[in-house]
1. Which of the residues that make up the stretch 133-146 are surrounded by fewer than 19 Cβ atoms within 10 Å (Cβ to Cβ) and part of a loop (DSSP other than H, G, I, E, B)?
2. Residue under question is residue 223, and the condition is that it be over 18 Å from residue 258 (Cα atoms) and either surrounded by fewer than 24 Cβ atoms within 10 Å (Cβ to Cβ) or touching a strand residue (DSSP E or B) at 6+ places or on another chain (Cβ under 9 Å) (or both); does it hold?
3. In the stretch 161-189, which residue that is in contact with a helix residue (DSSP H, G or I) (Cβ under 8 Å, 6 or more places away or on another chain) and closer than 27 Å to residue 138 by Cβ is surrounded by the most Cβ atoms within 10 Å (Cβ to Cβ)?
4. Residues to consider are 252, 243, 238; find the one that is modelled with pLDDT of 95 or more and closer than 26 Å to residue 282 by Cβ.
5. Does at least one position in the stretch 261-275 carry a residue that is over 16 Å from residue 44 (Cβ atoms), in contact (Cβ under 8 Å) with a residue 40 or more places away in the chain and within 16 Å of the chain's Cα centre (by Cα)?
6. Mind listing whichever residues of the stretch 332-342 are surrounded by fewer than 17 Cβ atoms within 10 Å (Cβ to Cβ) and in contact (Cβ under 8 Å) with a residue 12 or more places away in the chain?
7. Look at the stretch 147-169 and say how many of its residues are part of a loop (DSSP other than H, G, I, E, B) and under 14 Å from the mean Cα position of the chain (by Cα).
8. Given the residues 211, 130, which is the only one that is outside any helix (DSSP H, G or I) and either in contact (Cβ under 8 Å) with a residue 40 or more places away in the chain or touching a strand residue (DSSP E or B) at 6+ places or on another chain (Cβ under 7 Å) (or both)?
């Protein structure tokens with residue numbers, strides 16, 4: 001296809017494709033799908049070889065968020081039966097992080113529910129970052145705490161944070177349809193604050209909320225304009241008890257096309273398959289590794305992922321290798337640009353570690369509202385069922401496909417890593 005040849009050439013040169021070309025990727029047929037994946041794979045290998053970066057989420061504070069994000073199981077008014085607990089202590093968070101690092105994770109992503117951190121919250125997270133780095137040599141830490149106030153990004157950087165995540169989630173034109181308690185501009189401002197502080201900026205999207213192809217292209221172009229080092233691609237997990245519980249709009253093929261479009265628009269950044277990959281990509285997850293160079297290991301914030309060992313087996317079986325702590329994730333030109341930004345912000349050339357990518361979560365990152373004590377742990381929910389339909393009938397709620405997290409942080413059960 002002339003389209004794919006053009007996109008590969010542009011990706012190898014870091015040239016921005018036209019909007020029409022990006023839309024054309026999303027419009028390709030199933031017969032063309034493997035060609036699309038192969039083309040995106042050429043761009044991926046140019047900048048990241050066959051490495052896969054592993055990231056591990058630690059949910060520092062879960063549930064009872066005052067924001068009304070329609071996609072989130074922790075939202076105001078959510079009836080999803082998720083774990084709810086207040087802040088983990090630094091040693092508890094460090095212990096949870098160590099499980100992920102032992103499983104091969106290079107980066108730990110610290111997430112807390114709510115609108116945004118208070119100064120006390122920033123101090124608390126700073127102590128947690130210090131504890132994690134003291135006990136896990138060489139680990140990278142990304143914070144995801146919601147909307148930042150002036151000076152907070154700098155304080156997180158001084159405490160040892162390497163990156164900050166705050167997702168745009170969807171296009172500016174449709175943002176008001178999924179959230180009323182804050183604006184798209186608020187999110188852009190937080191990403192810019194992270195950049196200005198010398199933190200590696202991580203910002204991504206959520207696909208599957210009923211958005212159009214144009215919305216997807218809009219948000220990805222905005223992410224490129226923001227110059228995010230890392231773009232997590234979340235696929236909506238339709239939690240029962242949330243307004244989007246019946247939004248089953250994705251197929252594995254659709255997910256692959258979305259990932260490919262992101263890779264073509266953002267050829268030299270860390271593209272991460274984030275929340276929802278097990279639910280929506282299912283048996284096509286290994287194929288997606290030809291496009292994305294990063295995944296989360298194990299569980300997510302409030303939902304379960306597949307077994308950590310299954311992730312490692314999948315990477316090896318697909319012919320990829322786990323990226324080691326001594327390897328720089330980003331291509332040299334991006335790593336150099338990040339080092340220059342850190343130097344300009346008053347930080348050393350490498351920050352607290354050799355970090356340069358970011359984290360992401362399906363909730364998009366929020367903090368600041370105290371939650372109730374942890375619920376008593378119960379048996380893990382059933383995993384995704386074999387033979388599940390490629391796309392659920394419109395209007396159906398599918399609790400059988402979404403396993404709520406009942407282990408790891410906030411429980412007495414061992415984490416999945």
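The values are calculated or read from the model by the stated rules, or taken from the named source; none is laboratory data. This structure is a prediction, so every number in the text was calculated from the model and none was measured. Note: ideal-geometry Cβ built from the backbone for every residue, glycine included; neighbour counts use all protein chains shown.
1. 137, 138
2. When the stated conditions are applied, residue 223 does not pass them.
3. Step by step, filter the stretch 161-189, then rank; the result is 166.
4. Selected residue: 252, the only one of 252, 243, 238 that is modelled with pLDDT of 95 or more and closer than 26 Å to residue 282 by Cβ.
5. yes
6. Looking only at the stretch 332-342, we keep the residues that are surrounded by fewer than 17 Cβ atoms within 10 Å (Cβ to Cβ), and these are 332-333, 336-337, 340.
Result: 333, single match.
7. 3
8. 211
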